[in-house]
Structures are given as structure tokens and as C-alpha cells.
Ligand SMILES: [Zn+2]
């Protein structure tokens, strides 16, 4: 007992000393780490380093969706689109463009889609018109990565993505969407098996550019509520709140499957809250 009683304080002192030593080392390590970080920004004299080249966001020549900054359209100036689009129409202030070979019926279908969505909705339309929104109709054999605006996505998304994509409105740095001519004309050889997915794609633009902030967040809440309720299991709408809104838009105006299923009546029954929101946004 006495031996233990003698060694206990010594042991305690040793432990305390070791603790201080370890703490000191850790502190030193942290200081070193901090200095490594700072050394990149500050030269030895402690003065902030002058920026070598000021980086200003600039639009690259020719618009693409990968520029990472919002493209503000110049009011009153004609919309700029790549020169390959020899065919151009204007419907309610939204452009429809495509290469020379595109069937006029595809333009008609796109025009009708725009009318269906926006005839009664000048408030939704206005921000899109102001920002020079346009629809690209891809030729039957033209994949999305062959369109100048979207080719830049190839590195990010890979070839596999483009062999499956029906239409695209993603990365909406500026409001542009692309759909395939075959899908617009109901040709089942289209990448979306003849389904007019322009409703879905324009739904993305509405969500990004036209919704009020409360409605924008309401979509996110409804999306989470739907997932919590076990809805949309393994369905595309479950991907994220954006696809949820876009596919809801597709169901609201047409149907979300090439077979004709998931139409407005389905939506009203399956997801009544989303239906109510869409009815308020788009009108009944
Ligand atoms: Zn989508």
C-alpha cells in the first residue's frame, strides 16, 4: 500500500507532464497548418500578395450553359443564337430555333406547347421573355451534346448521359432548353419515344426564372413531403425538387409517360398538393 501511495503522485505528475507535452505538439501542428494555408496568400513580409491576374467573369464568345454566371440579356437587342440555327420562330416572345432540316411540324408542336403553358400567364412568361428564352429543336439525328449550347456538358456528364437524355434545360445559366424533333412530332423513334417533353423542360425554366421565392420553396417542401410519404419511388420525379416540379408540369399539361399515363387526372389523385400548386401557378 505504501509503495502504491508513493508512486501514485509521481505517476500523476508524469501523466500531467505528458499531457502538456502532447497539447503543445498539437498546438504547434495546428500553427504549422495555419501557416501553410496562409503562405499561399501572404508573402514572407506579411503583406497580402497582389492578385496576379484579376479574374473577371466574362461570357465566352458564343453562349453555352457552362459559363457559371447568369447571362443577362440586353433589353431590346435581338436574341443571340448560334449561326447553325437557320430556322427561327418567335412565339409569345420565346424563340424556337433549329437547323435547316427540322420538320415544320416540330416547330408547330413547340409553338402550341408554349401557347398551352403561357397563354393565360403573362406573369410567368415575362421573366423568360426579358431574358431572351429560347427552345432548341434538335434534329432527329442530333444529340444534345452536338448542340453548341450544351456540348460543354459532355466533360461533366459523360457520353452515357447523352445517349439517354430526352431533353435538357439543366444548368440554366440562361433560359434555353433543347428537345428532339422526333419527340415533338410524336415519332416513337425519338429519344423520349415520341413524348413531347417540352412541357417538362419549360417547367424547369419556369421554376428557375419565374416562380416567386415562396413558391420556389413551397416546391421543395412538397417534394420532401412526397418522398416522406413514400411517393415517386423509383420514379424520375424523385430525383430532386427540380425534376419533381418539371415532371409535375409535364403531367399537368400532357402526361409524363410515352404510354399516356401520369396525366393531370393522375396527378390530382396521386399528389393533390402539387396539383394545387401547379393549378395556382399555371391556372386551370
Ligand atoms: Zn428535367
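Results, tabulated for the structure shown:
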quantity: Contour minus Cα-Cα distance for residue 119 and residue 105 (0.36 nm per residue); calculated: 3.0 nm
quantity: Relative packing of peptides 258-270, 195-207 - highest average C-beta neighbours within 10 Å first; calculated: 195-207, 258-270
quantity: Highest-first arrangement of 221-233, 104-116, 132-144, 244-256, where packing means the average Cβ count within 10 Å; calculated: 244-256, 132-144, 104-116, 221-233
quantity: Calculated SAXS-style log₁₀ I(q)/I(0) at q = 0.13, 0.20, 0.21, 0.25 Å⁻¹ - the range 221-270, Debye, Cα scatterers; calculated: -0.26, -0.62, -0.68, -0.95
quantity: Estimated inter-spin distance, residue 88 and residue 220, nm [label 7 Å along Cα→Cβ]; calculated: 3.7
quantity: Cβ-Cβ FRET estimate between residue 269 and residue 240, R0 fixed at 22 Å, reported to 0.05; calculated: 0.40
quantity: Potential lengthening between residue 130 and residue 212 on full extension [0.36 nm per residue; Cα-Cα distance subtracted]; calculated: 27.9 nm
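Computed from the coordinates by the stated procedures, all read-outs in this text should not be read as laboratory data. Everything numeric in this text was worked out from a predicted model, so none of it was measured. A quick note on method: Cβ atoms are made from the backbone with ideal geometry, for glycine too, and the neighbour counts reach across all protein chains shown.
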